[in-house]
Amino acid sequence: MNKIIIFLSIITVLVYFLIVKTPTSRLGSGFLINAGMHVFTYYNLVKEAKTIKVMFPNEDDIKANIVYKDINHNYAILKLKSIPKIKLQPINFSNNDLHLEGETVYIIGYPWTNTMEDKHTLINGKTFLNPKDSLIDINIEIEPVNSGSPLLNLRNELIGMILSKNTESRNTLPKSSNIKSFIPISNLINGIKTLKIPELSYIKANHYPKSTQTIPKNNVVLIEAF
């Protein structure tokens, strides 16, 4: 009888640690700027995380820490614990927040796994005027895992960070949603200026660029927070 009680007690403890103590993993996107040591993502993804892993295509994951957070605008800046090996591309920041109705924009969707066959997908949409809580609504077909991705205009300039409407959810399986929002570029720049870190800088785009910039697909990363 005592052996049965001890056995049941052990099972109860194991179940407790498996269900209650096992951390819940969340997936989202982010993007690197400048030298590649800093990552932008949305705050709700990482706010309760004990561990944050940044996943790069075709290379090992790198852990990161939060160095800045803007709770009101739902974004955070992470710093990687080591330099990524992947070749990054410069991201030019747009000169305005893009409040133009019907402007064509796109995001770069990150692949789910790190294999040589992975492709970054361009996801197109259009903005429309409906500002709310410092966010701008956008009609674009994305999955929740794409929240935190960079939003770019047709000149491939950064104009903000995309957010899915259900980024509060802890579900790791994606569900489609039609209307999203994005955090305007001016809010992201405020975070850079507040930190005052020399290696965290940004490049302002020319008002009339002679040609479009390179699509910065290598700068987009997958983030696991748990």
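Below is a table of values for the structure above.
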quantity	calculated
Pairs, first more than 16 Å from ASN34 (Cβ to Cβ) in the stretch 180-196, second basic (Lys, Arg), C-beta under 8 Å, six or more apart	LYS180/LYS165; SER181/LYS132; SER181/LYS165
Any hit, the stretch 144-167, residues being modelled with pLDDT under 85 and part of a strand (DSSP E or B)	no
Count - residues of the stretch 107-129 that are modelled with pLDDT of 70 or more and open to solvent by 70 Å² or more (accessible area, probe 1.4 Å)	4
Some residue of the stretch 180-187 being open to solvent by 40 Å² or more (accessible area, probe 1.4 Å), assigned to a helix (DSSP H, G or I) and modelled with pLDDT of 80 or more	yes
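The values are calculated or read from the model by the stated rules, or taken from the named source; none is laboratory data. Owing to the predicted nature of the structure, the values given are computational and were not obtained by experimental measurement. Methodologically, a virtual Cβ is constructed for each residue, glycine included, from the backbone with ideal geometry; neighbour enumeration extends over all protein chains shown. Just the protein is used for accessible areas: all its heavy atoms, side chains included, with ligands, DNA and RNA removed. Shrake-Rupley method; radii C 1.70, N 1.55, O 1.52, S 1.80 Å.
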